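Working notes for the structure below.
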Amino acid sequence: MTETIERHTISVLVDNEPGVLARVIGLFSGRGYNIESLTVAEVESGAALSRINLVTSGPRMIIEQIKAQLDRLVPVHQVSDLTEEGPHIERELALIKVVGSGEARAESLRIADIFRAHVVDSESDSFVFEMTGKPGKVNAFIRLMEPLGLTEVSRTGVVALLRGKKSI
Amino acid sequence: MATSADNSGENINGSEMIVRCLAELGVEVIFGYPGGAVLPIYDAIFKQNKIRHILVRHEQGALHAAEGYARSTGRVGVVLVTSGPGATNSVTGLADALMDSIPLVCLTGQVPTHMIGNDAFQEADTVGITRPCTKHNYLVKTVEDLPRIIHEAFYIASAGRPGPVVIDLPKDVVMAEGDYQEGTYTSETGHRSYRPRTEPDNAAVDAAMELIVNAERPIFYSGGGIINSGPAASEALTRFVRETGYPITNTLMGLGTYPASDAQFLGMLGMHGTYEANMAMAECDVMIALGARFDDRVTGRLSDFSKGSKKIQVDIDPSSVNKNVPVDISIIGDVGTVIDAMLAKLPNKSGGKSAALEDWWRQIEAWRGRDCLRFKQHGDIIKPQYALQRLYELTKERDVYFTTEVGQHQMWAAQFLKFEEPNRWMTSGGLGTMGYGFPAAMGVQVAHPESLVINVAGEASLMMNIQELSSMMQHRLPVKTIILNNEYMGMVRQWQELFHGGRYSESYMDSLPDFVKLAESFGANGIKISKPEEVDDAIRTMIETPGPFIADVLIDKTENVYPMIPGGAAHYEMKLGPDHGELEEKAEDGMVLV
Ligand SMILES: Cc1ncc(C[n+]2csc(CCOP(=O)(O)OP(=O)(O)O)c2C)c(N)n1
């Protein structure tokens, strides 16, 4: 029996205190869970709360385990599985460097335009594009840049929010 | 706790605050070992007389002693150690307490704040090292935070699923002066994000009762969670089990949650559990897991674990549910509270046992009839089972607590000692820490000075923390130790015999000490015996001799623990052993599994 692997986006509200991120990461490495991406920043400075967004994948039982394990960490206030809670927006920001000249350079600019990527740095033989979008869109853009002189990529990982009035 | 007006707003240093907070929290004893970073705290301890300090001889001993203290009382065990090596020596005990859900607060010294990160003398990244082996840990940054953190730590250690909490204390913080107001924090203060659920979901309880009441081949399976919930949970469990008339088995950690002498008790389950308990788990139609976590020693091969049953699991820790074994109904809450709720919903039974239940009991009695723990004490070599049987018989009328080390003797103790109530049995279940039992017994004795405390030991394990005999002498703790001495790391030898072609690689204990002389060198007493007819007298002498005592009982060196479900096998593949005419199978395919 093969179990289906599910991809889940989970938001975790945590006390903004030293060691919290180490606890979360330690949980994943110690128990052998997948992390596809992880972002963290303070979101409510008054309450000293940070939001961790993480994307993980695994069989159903493991995903449930991950949430339960996260929830029992002492500085964790709330664990929300956005994939389960309903429609949500996922965005990622990427910086992409493409080195080249001639037709390839022109082609990269055309594609960037289609993907609504901005040129944030430009020299005679290089571009740095900035783009935001769903991880899939970022992946597609990167794939297209590969033959055109892609040399370096820096990505933030996913940030996510529920659609509509509802919040976690 | 009321705020006392005369005490408000005192200016005292961090060390004094610590001692005052601990006293406020009702702490009576600290197990510890001094060093540079904690000297100010030791100074504060010196100046007061509310809290007793038990000086150990190795920090690991302090942790296990605190575990024994905690497990036998239901209270939080408290430890104080210095920075660097003091903290690293504590790691095994913390990991042990985490695995077995024992509430501890461990205060560790740390180098002054401004030196942290500079590889200062006796600096270790204690919060980093202990993060994965504590329930939570703190590095205290300012003296103002101290009282809150100490109270929080006690709350976290004992609330929900208990566990160890480390508070790392830089030396400048414990020397700094700050404002201290008694009664600012109480045990009700809790924590701003950690609030474990204790009250169960009613609908889940109803659904569980539906299954329980209509079960035809039910079994209760209870574990250490019942003990952590408190003695009332054991009482409720006992009532529940008796009223239903269903069979019950206990995990290693759950021994004592149900009276072992009762006919409905099938003994321990798992790798070395009884045949009837494991078969009943395999063949049941409804399994009711109460404060037990489906550990791999219990389940055997997961894919074959009790395939036909509906499973109900009650646990306070949501991460314990559906971790190894998917269950049909899970109830999150305090297991004692849940059992009370279940009892309230149990219909008044009219006409005795149902026909199905009678059939089920007939089947169980047939399994029981195999008499899986049978052994033959013949000839003039002492069988370990015989020694334990006699130990049980000669102590059962007494107020007695048992601890064990880890290995074969531990399994035999679990099989042959019988516990009628909780908190009487202390063993390292989850981590399986050799060297646990001796210091744990010391902690139990501190908590119960008038009681008989016996550590059942293997000679290899005992060597791991034997130094605590010195602590026992100093603090007049008359712990009794009975060594089932096979001159082997017996459990290792057993696996080598069964799964490694009898290649006894490094499992023989060469150059063992003379344990009697060893005891005497500490100022304690001992006796060494090798004949079955000497067993009773040796046990009586051990009990009657004042002070710590070591009874070195030379046993059959080649005895193996049976029954046995080999690692990775299914329950129905259980081996009963040579006394049952079953061949001892020697296969190497069990090798990869632990
Ligand atoms: C600290 C530690 N190291 C190693 C082991 C692995 N181990 C498990 S049982 C055992 C042998 C124990 O020998 P002994 O204490 O003499 O008990 P016996 O099995 O002979 O009863 C060993 C080495 C362990 N459990 N703990």
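Can you tell me which residue within the range A:5-24, out of those that are open to solvent by 70 Å² or more (accessible area, probe 1.4 Å) and at pLDDT below 95, is farthest from A:SER167 (Cα to Cα)?
Step by step, filter the range A:5-24, then rank; the result is A:PRO18.
Against the definition (farther than 12 Å from A:ALA160 by Cβ, without any contact (Cβ under 8 Å) to a residue 60 or more places away in the chain and surrounded by 15 or more Cβ atoms within 10 Å (Cβ to Cβ)), how does A:ARG31 come out, yes or no?
Judged against the criteria, A:ARG31 is not a match.
I'd like to know if the range B:351-364 contains one or more residues that are within 16 Å of the ligand (Cβ to nearest atom), more than 14 Å from every other protein chain (Cβ to nearest Cβ) and open to solvent by less than 70 Å² (accessible area, probe 1.4 Å).
Among the residues of the range B:351-364, not one is within 16 Å of the ligand (Cβ to nearest atom), more than 14 Å from every other protein chain (Cβ to nearest Cβ) and open to solvent by less than 70 Å² (accessible area, probe 1.4 Å), which makes the answer no.
Assuming A:PHE115 fulfils every condition listed in (1) under 30 Å from A:ASP15 (Cβ atoms); (2) of a type outside the set (Gly, Ala, Ser); (3) more than 17 Å from the chain's Cα centre (by Cα) apart from one, which condition is it?
(1)
Here are A:LEU95, A:LEU70: which of them is surrounded by 16 or more Cβ atoms within 10 Å (Cβ to Cβ) and more than 14 Å from chain B (Cβ to nearest Cβ)?
A:LEU95
Can you name the residue in the range B:382-417 that is more than 9 Å from the ligand (Cβ to nearest atom) and part of a loop (DSSP other than H, G, I, E, B) and is also most open to solvent (accessible area, probe 1.4 Å) among such residues?
Residue satisfying both the conditions and the ranking: B:GLU397.
For the range B:69-171, please list each of the strands (runs of 3 or more DSSP E) lying entirely inside it that holds at least 1 residues being more than 27 Å from the chain's Cα centre (by Cα) and crowded, with 24+ Cβ neighbours inside 10 Å.
Because the criterion is at least 1 residues that are more than 27 Å from the chain's Cα centre (by Cα) and crowded, with 24+ Cβ neighbours inside 10 Å, the strands (runs of 3 or more DSSP E) in the range B:69-171 that meet it are B:104-110, B:164-170.
Check the range B:227-239 and report whether any residue there is free of Cβ contacts under 8 Å to residues at least 40 places away in the same chain, more than 14 Å from every other protein chain (Cβ to nearest Cβ) and open to solvent by 10 Å² or more (accessible area, probe 1.4 Å).
Yes: the range B:227-239 contains one or more residues that are free of Cβ contacts under 8 Å to residues at least 40 places away in the same chain, more than 14 Å from every other protein chain (Cβ to nearest Cβ) and open to solvent by 10 Å² or more (accessible area, probe 1.4 Å).
Report the residue count in the range B:53-68 for those that are touching a residue at least 40 places away in the same chain (Cβ under 8 Å) and open to solvent by 10 Å² or more (accessible area, probe 1.4 Å).
Qualifying residue count for the region: 4.
Do any residues in the range B:185-214 that are away from chain A (no Cβ under 14 Å) have Cβ atoms under 6 Å from those of residues that are in a loop (DSSP other than H, G, I, E, B) and open to solvent by 70 Å² or more (accessible area, probe 1.4 Å), where the two are at least six apart or on different chains, and which pairs are they?
B:THR186/B:MET1
Quick one: would you say B:GLU182 is on the phi < 0 side of the Ramachandran plot and out of contact with any Lys or Arg (no Cβ under 8 Å at 6 or more places or on another chain)?
No, not satisfied.
Can you confirm whether A:HIS77 is surrounded by 15 or more Cβ atoms within 10 Å (Cβ to Cβ), facing another protein chain (nearest Cβ under 9 Å) and either in contact with a Leu (Cβ under 8 Å, 6 or more places away or on another chain) or at pLDDT 95 or above (or both)?
Criteria met by A:HIS77.
Only one of (1) in the same structural domain as B:ASP317 (by TED's automatic domain parsing); (2) surrounded by fewer than 23 Cβ atoms within 10 Å (Cβ to Cβ); (3) touching a residue at least 40 places away in the same chain (Cβ under 8 Å) fails for B:GLN264. Which number is that?
If we test B:GLN264 against (1) in the same structural domain as B:ASP317 (by TED's automatic domain parsing); (2) surrounded by fewer than 23 Cβ atoms within 10 Å (Cβ to Cβ); (3) touching a residue at least 40 places away in the same chain (Cβ under 8 Å), just (3) comes out false.
What is the one condition in (1) of a type outside the set (Asp, Glu); (2) closer than 25 Å to B:GLN415 by Cα; (3) more than 14 Å from chain A (Cβ to nearest Cβ) that B:GLY308 does not satisfy?
Unmet condition: (2).
Which helices (runs of 4 or more DSSP H) sit wholly inside the range B:418-536 and have at least 3 residues that are open to solvent by 20 Å² or more (accessible area, probe 1.4 Å) and within 11 Å of the ligand (Cβ to nearest atom)?
B:490-499
Yes/no matrix, rows are residues, columns are (1) in contact (Cβ under 8 Å) with a residue 60 or more places away in the chain; (2) surrounded by 24 or more Cβ atoms within 10 Å (Cβ to Cβ); (3) out of contact with any Phe, Trp or Tyr (no Cβ under 8 Å at 6 or more places or on another chain); (4) not charged (D, E, K, R):
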{"position": "B:THR274", "(1), (2), (3), (4)": "yes, yes, yes, yes"}
{"position": "B:ALA277", "(1), (2), (3), (4)": "no, yes, yes, yes"}
{"position": "B:ALA289", "(1), (2), (3), (4)": "yes, yes, no, yes"}
{"position": "B:ASP317", "(1), (2), (3), (4)": "yes, no, yes, no"}
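The values are calculated or read from the model by the stated rules, or taken from the named source; none is laboratory data. For clarity, every value in this text was computed on a predicted model and none was experimentally measured. Note: ideal-geometry Cβ built from the backbone for every residue, glycine included; neighbour counts use all protein chains shown. The area values use the complete protein model at the heavy-atom level, side chains included, leaving out ligands, DNA and RNA. Shrake-Rupley method; radii C 1.70, N 1.55, O 1.52, S 1.80 Å.
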